[in-house]
Structures are given as structure tokens and as C-alpha cells.
Amino acid sequence: MAWVQTHWIALALLAGYGALLVRHAIEGRRQTEGHADYYVGGRGMGGVVIGLSFFATYSSTNSFVGFAGQSYTYGAPWLLTAPAVVIFSLSAWVWIAPRLRAFTGATDSVTLADYIGFRFESRAARSISAVIVIFASFLYMIAVFKGIGNLLEVFLDVPYVVAIAFVFVVVLAYTAVGGFISVVKTDAVQGVIMVIAGLLLAWGTVNSAGGLGALEGLRSAGSTMDLFRWDAAMPFPVLIGIVVAGTLKFIVDPRQLSRFYALADRKAVRRGLIVSTAAFLVVYTAILPIGLYAHAVLGSGLGDSDLVVPTLLGDAGILPAFPSAFILVALLAAAMSSLDSVLLVMASTWQRDVVSLFLHVEDRKIVGQTRRWVAVFAVITALLAIRPPGSIVTLTAFSGSLYAACFFPAVVFGLMWKRGTSGGAVASLLSGVTVLLLWDFLPFAAGVHRVFPAMAASSLVYLGLALAGPPLESAKRLDIPLEA
């Protein structure tokens, strides 16, 4: 009873949020008539809702807990993540969204792996892509579970395992039932909540630190002055690699790209670009300095930057009870907006690009089977998250590096250039994975983040083999325009 009295505001907000999830799950189930509805919303969704979903899907607890707290240890150079987020998000909307939507609509592609399979006329490239997507998704989901588990453990005083179990049950329920339509509608609401929460969290932290000018004091203090060096925590090229790995995902991450599959027309693309860019610009400019300001609030003795935001929220002197509870619900929403998308990507990729390649499945059974795979992958990830193999930023960066190293040539060159071969697509995927995994074992690797040589290797292999052979028949579909 005492626990309920202490946390009743957060519990009330969570109950209201839960009711919203139930409503969207029911609506999603009602509007889902086939696998295209369940996977990509029937390709008829508007730009505002997709733009908010694009923002919310990226902005998980990895951002609000991991990224926001990371400047506590990485220092001021970490703030370069904000312009990187905006630049890569804009690039995805301007150059990738219209082309990908037109091509996938013409080929009935609903996953990144089957886009690659259709574009390069290669069953091998499709299968390899599916394996990479599922493996990288596991890493990312573990990071999200860790973030929300740490948050609920500190703020609501519940065991970490209980927090993981709670999130697992909720996300599994509405994702499996409602599919893409439910996920996107929920994401749109979550996106608005996260914008407000990001501004509240930044405001409370900066005020508690003594105002915006607190950074000047930290710059001159002996214990924190090194945080304002370009090599504050590591060689600058390595830091840039981490930033690129975490933000290049806009162009290559299946859960981000899946939003483009659902856009109705070119007008929806334009609206989505405006909405998502504004949200990213406002929120990431606000939250990324939080780790730096936390030195003026919490001191410099916190061992894990992943605990910065949970510790700030648990301090009643930083924010009053209602704003703190609102931010908690927003961060829970942030976690769910990423978990639901990744779960759906994993399940649809496994069903569409692995199971269906070897076993014929009737269309009327595809949605039911995909729902079961959602449950399977949710259980596996929740169990792995109990003992996560790394920090939030480490897991997120490696997942992003894997996507960038493997999929950059197939997505960017594949959509922007008609040349490309089946062998080149397969070789670029394999070379990207190989260099990414082996780079850190090389004697000269310490000064360069592995994402750069891995992307260079996969791109050079793709380009070399593309120039050696004629364009594929599938390249003709790149000329199909998206409706105005």
C-alpha cells in the first residue's frame, strides 16, 4: 500500500497509457485484412503519422537514457550526435523514402530483405540479409530492454527482472494483435509525448545545475575540464564512428525503412519529412547535453552513464512529482515504440524471408504465423536482456554498425544507381560483416572505428562487381514514379 501511495501518479498515467494501447491494438486488428496490412499498413498511411512514428521508433530509451546520459562520460564531443541525427534523417527522407516506396510498391516488398532479394534477383542475398537483420535486431532490443529496466528499477523501486517482464508482456500483446497499423498509431501518440518529455527533462536538469551557464563552470573545474577536449573519452575518429554508427541507421535500419513502405504518396513523404525533422531537431538538441549538466547535479562519481537519467528522475529536487511521472511514462513509451517496431521487423523478416522461402504458406495463414513469431522473438530477447552483454550505447552502436556495413551499398547504391549484380550484393553483405567483426583484432585498428573500414569494404566490393556486369532487369523498376 505504501508503494502505491508513493507512485500513484505514475501508476495512474500508466493505466491511461495502457488503455490507449488496448484501443490501438483493437483498431489495428480490425483494419488488418492481409499480410500487407499487418506488415506495412496497406501502403496507404499519411505523412504526419508516419513522420511521428519515424521519430518515435528511433527515439527509444537508447536515446532518452543512453544517448542523453552518454555525455557524462564522452563529454562535449558527444553533442555532435544532434546534427548527425538531423542530417541523416533528412537524407533518408529526401533520397531514400520516395525511391524505396515506389520500388517496394511495384514488387510487393514488405521487408528490407525481400527488397534486396527483388532488387538483385538473388535468393542468397535475401536470406543473408534476413539473418543479419534478425541478429542485429536482437542486440538493439536487448539495449532497449536494459534502458527501460534500469529506469523502472530506479524510479518505481521494482526489481530489474520484474521491469523487463512488465514491458515484455505489454509490447508483445499490442504488437502481436494489431500489427503495423497498431504500432504506427501508438508511435504517433508516443512521439508527441516524447517531445514534451524531452523538453521537461532538459529543463529540470539545467535548472538544477544552475542554468545554461553551468557548463562554463564545468569547463574550468579540474574534475570535468577534460570533458571539453575533442578526445575527451577516446580518439576523436573513434567517437565519430560511434556517432555515425548510431545515426546512419536512418538510411539502413529495417525498422526505420519500413515506415517508408507504408507512405501513401509523394505528399505524404513531404509531410513526414517536415514532422520528423522538427521533432529530431528540438528533442536531440535538448537531451544530449543532459549528461554534461548532470555533473553539476550528481557530481562526477556515477560509474555508469546509463544510470544518469534514471538517477535524475529519482531525485525529487529536480522535477516535481507529476512531471517526473510524465517523463517516466514517456520513456516507457519510447522503449515500446522501438520494441514494437523491431519485433514486427524480426517476425515479418523471419516469416517472409526465411520460412516462406522453404515452406509454402497460404496467405490467410501468414498473419497468424507472424503473430506467433512475434511472441517467440519477444521471449528470447527478454531472457537475453536479464544479463545484457554490454551498455546501451555499445549495443546500439554495434547494431547500427552492422546495418551500415552490410546494407549501405544495397540500399543507397541499389536505389540511386541502376548498376548492380546478384554476386555483388552477396559479396558486399559478406565483406561488410567480415571486416566489422575482424577489424578490432588488427594491430592498427585502435584509431579508427570499425564502421568506416567495414562500409568502405562492402561499398568497394559492390561497386567493383556492379561495373563488371550489366544492369539487372529489376533496375527498370527504379524508374517507376511515386504518385504525387
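Rundown of residues vs (1) more than 19 Å from residue 278 (Cβ to Cβ); (2) of a type in the set (Val, Ile, Thr), yes/no style:
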site: 66; (1), (2): yes, no
site: 71; (1), (2): yes, no
site: 76; (1), (2): yes, no
site: 81; (1), (2): no, yes
site: 88; (1), (2): no, no
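Got at least one residue in segment 266-285 being in contact with a Gly (Cβ under 6 Å, 6 or more places away or on another chain), more than 29 Å from residue 169 (Cα to Cα) and not in a helix (DSSP H, G or I)? The answer is no; no qualifying residue exists. Here residue 118 meets the list (1) farther than 21 Å from residue 343 by Cβ; (2) out of contact with any Ser or Thr (no Cβ under 6 Å at 6 or more places or on another chain); (3) assigned to a helix (DSSP H, G or I) almost entirely, failing just condition (2). The number of residues in segment 426-443 being in contact with a Lys or Arg (Cβ under 8 Å, 6 or more places away or on another chain) and either aromatic (Phe, Trp, Tyr) or modelled with pLDDT of 95 or more (or both) comes to 1.
Taking segment 429-484 as the range and being among the aromatic types (Phe, Trp, Tyr) and either touching a Gly at 6+ places or on another chain (Cβ under 7 Å) or touching a residue at least 60 places away in the same chain (Cβ under 8 Å) (or both) as the test, the residues that pass are 452, 462. Quick one: would you say residue 203 is in contact with a Phe, Trp or Tyr (Cβ under 9 Å, 6 or more places away or on another chain) and among the hydrophobic types (A, V, I, L, M, F, W, C)? Judged against the criteria, residue 203 is not a match.
How many residues does segment 464-482 contain that are surrounded by 12 or more Cβ atoms within 10 Å (Cβ to Cβ), out of contact with any Asp or Glu (no Cβ under 7 Å at 6 or more places or on another chain), of a type outside the set (Gly, Ala, Ser) and over 13 Å from residue 105 (Cα atoms)? Lay out the reasoning, then the answer.
Initially, segment 464-482 is screened for residues surrounded by 12 or more Cβ atoms within 10 Å (Cβ to Cβ), giving 464-466, 469, 471-472, 474-475, 477-478, 480, 482.
Subset that is out of contact with any Asp or Glu (no Cβ under 7 Å at 6 or more places or on another chain): 464-466, 469, 471, 475, 477-478, 480.
Adding the requirement that they be of a type outside the set (Gly, Ala, Ser) leaves 465, 471, 477-478, 480.
From what is left, the residues that are over 13 Å from residue 105 (Cα atoms) are 465, 471.
Summing the residues that are surrounded by 12 or more Cβ atoms within 10 Å (Cβ to Cβ), out of contact with any Asp or Glu (no Cβ under 7 Å at 6 or more places or on another chain), of a type outside the set (Gly, Ala, Ser) and over 13 Å from residue 105 (Cα atoms) in segment 464-482 gives 2.
If I ask for residues that are assigned to a helix (DSSP H, G or I), modelled with pLDDT under 85 and over 12 Å from residue 388 (Cα atoms), which ones from segment 141-165 would you list? Hits for segment 141-165 are 148, 151, 152, 153, 154, 155, 163. Counted as qualifying within segment 1-115 are the helices (runs of 4 or more DSSP H) with 1 or more residues that are over 19 Å from residue 262 (Cβ atoms) and β-branched (Val, Ile, Thr), namely 2-31, 68-74, 81-91. A single entry from 81, 57, 107 fulfils the requirement of being of a type outside the set (Phe, Trp, Tyr), in contact with a Lys or Arg (Cβ under 7 Å, 6 or more places away or on another chain) and under 20 Å from residue 335 (Cα atoms): 57. Within segment 378-428, how many residues turn out to be of a type in the set (Phe, Trp, Tyr), free of Cβ contacts under 8 Å to residues at least 60 places away in the same chain and farther than 17 Å from residue 471 by Cα? Total meeting the criteria: 0. Determine whether segment 246-256 contains at least one residue that is in a helix (DSSP H, G or I) and closer than 30 Å to residue 207 by Cα. Within segment 246-256 (the criterion being in a helix (DSSP H, G or I) and closer than 30 Å to residue 207 by Cα), the answer is yes, since at least one residue qualifies. Restricted to segment 346-364, and to residues there that are hydroxyl-bearing (Ser, Thr, Tyr) and touching a residue at least 40 places away in the same chain (Cβ under 8 Å), the residue that is surrounded by the most Cβ atoms within 10 Å (Cβ to Cβ) is 349. Taking the condition within 16 Å of the chain's Cα centre (by Cα) and among the hydrophobic types (A, V, I, L, M, F, W, C), does residue 106 pass? The answer is no for residue 106.
For segment 365-386, taking the residues that are basic (Lys, Arg) and modelled with pLDDT of 85 or more, the one that is surrounded by the most Cβ atoms within 10 Å (Cβ to Cβ) is identified as 371. Here residue 269 qualifies as in contact (Cβ under 8 Å) with a residue 12 or more places away in the chain, touching a strand residue (DSSP E or B) at 6+ places or on another chain (Cβ under 6 Å) and β-branched (Val, Ile, Thr).
In summary, residue 396 fulfils each of the numbered conditions (1) under 18 Å from residue 133 (Cα atoms); (2) surrounded by 15 or more Cβ atoms within 10 Å (Cβ to Cβ); (3) at pLDDT 85 or above with the single exception of condition (3).
What tally of residues in segment 65-87 results from selecting those that are of a type in the set (Phe, Trp, Tyr) and surrounded by fewer than 21 Cβ atoms within 10 Å (Cβ to Cβ)? The total comes to 0.
The values are calculated or read from the model by the stated rules, or taken from the named source; none is laboratory data. Please read all numbers here as calculations on a predicted model, not as lab measurements. Cβ sites come from the backbone with ideal geometry, for glycine too, and all protein chains shown count toward neighbours.
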